[in-house]
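First the structure, in the form of structure tokens, and then the observations on it.
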Amino acid sequence: MSNHISTMQNDMLQRMAVMREQAQTGTQIAVNFSHPPTGNFQTAMQQAVRRVDNQQHFASQLTADVDAGRSDDLVGAMVASQKASISFSALTQVRNKILTAYDDVLKMPL
């Protein structure tokens, strides 16, 4: 048993070392210019709204399962609920920024 815990600890320490190295060197973003993004802003926003909606429905289903006794994964339900809440807050902030930018453009002198 202690050998299993030791192996888990070593594995975790190795992953933490890799993460620390990545944080110190910065992350590299691979940009693929051969395939330009398809779609437009409207479809991107629709997809974002659908993803947030799906997360909220998933969290709601997990919570309902815990409430009904079909599941005992209370932690999973709470994590899913928090993820859905954070996603909704982020989407709301994006919407607010877009509306502010739109208002700024309308107020620009010609």
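None of the figures in this text is laboratory data; all of them are computed from the coordinates on show. If you're wondering where the values come from, they're calculated on a predicted model, not measured in any experiment. Positions of Cβ are backbone-derived with ideal geometry, glycine not excepted, and every protein chain shown enters the neighbour counts.
At an R0 of 30 angstrom, the distance between the Cβ atoms of M19 and Q82 translates into a FRET efficiency of 0.85. Projecting the Cα atoms of A48, V79, A59 onto the charge dipole of segment 39-84, computed from C-beta unit charges around the Cα centre, puts A48 farthest toward the positive end.
Taken along the Cα-to-beta-carbon direction at a fixed 7 Å, the label points for M45 and M108 span 1.7 nm.
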